[in-house]
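> One structure, as structure tokens, below. Some questions next.
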Amino acid sequence: MTTDGEPAGGLLCELSADGSRPGRRVTATDLCRAVADYELSGGGSIRWVWPSGADLYPALLRAGVRVARCHDVTLVERLLLGRDGRSEEPASLAAADARLRGAPVPAGPAVVTGGPEGALGGWPGGRHRQDALFEAGGTETADPGATLDALITVHADQMRRIAADEHPARFGALVAAESAGELVAAEMSLAGMPWRADVHDGVLAGLLGPRPPAALAGTRPARLTELAGQISAALGGRPVNPDSPTQLVRALAGAGIRVSSTRFSVLREVDHPVIPPLLEYKELSRLHASHGWSWLDAWVRDGRFRPEYVVGGVVSGRWASRGGGALQIPRVLRRAVVADPGWVLVVADAAQLEPRVLAALAGDRAFAQAAAGGDLYEGLASVFGGDRNVAKKALLSAMYGGAGGDAGQLLAVLRRRFPAASGYVEAAARAGEEGRVVRSVLGRTCPPPSAAWRAVTVQAGDDEAGRDPGAGRASRARGRFTRNFVVQASAADWALVLLAALRRRLAALGQAPVGAWDPKAPHLVFFQHDEVLVHCPEVMAPDVVAAVDESAAEAGRAVFGATQVRFPMTTAVVGCYADAK
């Protein structure tokens, strides 16, 4: 944190475990140095309380300062508002403070769709020493002292609300993990994913043809131009713009092909000479638009792709990204993700995570025994005549609400053999259909139904009035959402705890003192749902693989307690991301 190259100051205040203020304000003329000194003196046991890690932590990292733990007031407020059915309300420090004071709440973003060893102990846990941080010149208010007071007040209120939860220890663990996730996100953005621009350019040129000259920016690359000509020729010779769904539907109808849309799933079912070039055009056009040369120019600098991650950007707790499409890297471009000389990528993903999460959630002994092995679907295959694919289809139908084809018969088999597992997701579905909310294992809460949904599904008091014809469809759709939510959100809980545990272990492998960011230590560079990438010196790869496995086991214990279910990680040590799978 600097102002015109000079260190920036700020206010700090030591807090007690319940969030009250036992000490006086401390003015730091160099806030970054003060934070580093506190971290070093506390040995990584301090938990910083701040308005938003997304706003504050990147500046600390740029100054070479790393913190071990934090309480992110904005992220925690989002979790609490979501739990209370108020996810549409803004979650900033200013908004939370205004609600406490009964003042007008400023507009702002709402929810988008431990112990001394680190971020995973009980809440508050560890040394009962927490600190509030304010950056001078912040946007919450012009008065640093007022912001500090608001921060302390809101934090203390959040602690009370966490303690009042039905399962305070679980919800406290979710708060700690969500806050740790923001630290991981900032560190991944700073470190960046190693990215070879020359390899990326070569992939594009091989698929699309040479890059069009700058003077012709916006024109189609050669291969897309060629395919557009083939499409028009196959549809009778009249020029057709393949980028226009309206034109395409009309041109296809003129050729005797009637389709409801130009989606891949629809076009694949059509038998006509135009389909192969059209599907290829759509695939390459999407690559060009989302990760083409313009993307390369905008997002890759100094051999690194540095996206901005949005922690909890999806209602289930999954992450999103702000620009760059970090969570949607096309498989063909993974060959551009290349480790630095002397370094490797440790690529690890949780095998069959969501089915294993269901097994742990339900406490179904027979199902848990099947999930204890390496291949869950193979473990279930004996129930379905030894057919692994049928077992997989049945289980995914149970989790995601599939009912078409033979799904109903498969689900009936699951209900008989694994009643607790089937009953768990079916209870969640009924709750959704009835307009109730469901929670993940640590307490993340799904949004309540909208007023429009209630208006459609409410049963009329007059028997003759009947019910809205769309009520059944709306109820079933929400039931499918809540059925999926309890599993997917609980999987997100597990993944967050895995991240926090792995971050702590990777830091321990480095040589830098506590409180210092060490770019030469192994560090996370990518996270997507159930997959992590660690960039590390080649000689440290075995230690990183062990850290991944230990973190997965820790996450299973911390989130699900004693369970037969194991959460194995499939790990590969590679020089290029594309070689991992």
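> Restricting attention to region 144-154, does a residue exist that is open to solvent by 20 Å² or more (accessible area, probe 1.4 Å), under 27 Å from GLY10 (Cα atoms), among the hydroxyl-bearing types (Ser, Thr, Tyr) and not in a helix (DSSP H, G or I)?
no
> Another question, if that's okay. Can you find, within region 307-338, the residue that is most open to solvent (accessible area, probe 1.4 Å) among those that are within 13 Å of TRP195 (Cα to Cα) and part of a helix (DSSP H, G or I)?
Among them, the one singled out is ARG335.
> If we scan region 353-368, do we find a residue that is surrounded by fewer than 22 Cβ atoms within 10 Å (Cβ to Cβ) and aromatic (Phe, Trp, Tyr)?
Scanning region 353-368 turns up no residue that is surrounded by fewer than 22 Cβ atoms within 10 Å (Cβ to Cβ) and aromatic (Phe, Trp, Tyr).
> Ok, one more. How many residues does region 292-306 contain that are part of a loop (DSSP other than H, G, I, E, B) and under 20 Å from HIS535 (Cβ atoms)?
Residues meeting the conditions: 3.
> It is to be established whether one or more residues within region 544-555 are in a loop (DSSP other than H, G, I, E, B), more than 18 Å from ALA492 (Cβ to Cβ) and not β-branched (Val, Ile, Thr).
Step one: list which residues in region 544-555 are in a loop (DSSP other than H, G, I, E, B), which gives none.
Looking through region 544-555, none of the residues is in a loop (DSSP other than H, G, I, E, B), more than 18 Å from ALA492 (Cβ to Cβ) and not β-branched (Val, Ile, Thr).
> Test each condition in (1) at pLDDT below 90; (2) buried (at least 16 other Cβ atoms within 10 Å of the Cβ); (3) farther than 16 Å from ALA371 by Cα for GLN409 and report the one that comes out false.
Result: GLN409 passes all but (2).
> Separate question: Looking only at region 504-560, count how many residues are within 12 Å of ALA348 (Cα to Cα) and among the acidic types (Asp, Glu).
3
> Please work out if GLY561 is open to solvent by less than 10 Å² (accessible area, probe 1.4 Å) and over 26 Å from GLY342 (Cβ atoms).
It is false that GLY561 is open to solvent by less than 10 Å² (accessible area, probe 1.4 Å) and over 26 Å from GLY342 (Cβ atoms).
> In this structure, does LEU12 turn out to be of a type outside the set (Asp, Glu) and in a strand (DSSP E or B)?
Working: of a type outside the set (Asp, Glu): yes; in a strand (DSSP E or B): yes.
So LEU12 passes the test.
> Shifting gears a bit: Scanning region 160-209 for residues that are of a type in the set (Asp, Glu) and assigned to a helix (DSSP H, G or I), which turns out farthest from HIS288 (Cα to Cα)?
The selected residue is GLU178.
> Please go through region 187-217 and give me each residue that is open to solvent by less than 10 Å² (accessible area, probe 1.4 Å) and either under 17 Å from ARG301 (Cα atoms) or touching a strand residue (DSSP E or B) at 6+ places or on another chain (Cβ under 7 Å) (or both), ordered by number.
MET188, GLY192, MET193, PRO194, TRP195, HIS200
> Within region 476-526, restricting attention to residues that are among the β-branched types (Val, Ile, Thr) and outside any helix (DSSP H, G or I), which residue is surrounded by the most Cβ atoms within 10 Å (Cβ to Cβ)?
VAL525
> Which of the residues belonging to region 23-70 are among the aliphatic types (A, V, I, L, M), buried (at least 18 other Cβ atoms within 10 Å of the Cβ) and in a helix (DSSP H, G or I)?
LEU31, ALA34, VAL35, ALA36, ALA54, LEU56, LEU60, LEU61
> While we're looking at this one, here's another question. Of all residues being touching a strand residue (DSSP E or B) at 6+ places or on another chain (Cβ under 9 Å) and at pLDDT 50 or above in region 124-148, which is farthest from ALA107 (Cα to Cα)? Just the residue, please.
ASP131
> Could you list, in sequence order, all residues of region 71-88 that are open to solvent by less than 10 Å² (accessible area, probe 1.4 Å), out of contact with any Gly (no Cβ under 6 Å at 6 or more places or on another chain) and not in a helix (DSSP H, G or I)?
Correct list: HIS71 only.
> Moving to a separate point now. Does SER260 qualify as being surrounded by 16 or more Cβ atoms within 10 Å (Cβ to Cβ) and small (Gly, Ala, Ser)?
Spelling it out, it is not the case that SER260 is surrounded by 16 or more Cβ atoms within 10 Å (Cβ to Cβ) and small (Gly, Ala, Ser).
The values are calculated or read from the model by the stated rules, or taken from the named source; none is laboratory data. Just so it is clear, the structure is predicted and the values come from calculations on it, not from any experiment. Cβ atoms come from the backbone with ideal geometry, glycine included; neighbour counts cover every protein chain shown. SASA here: full protein model, heavy atoms, side chains in, ligands and nucleic acids out. Shrake-Rupley method; radii C 1.70, N 1.55, O 1.52, S 1.80 Å.
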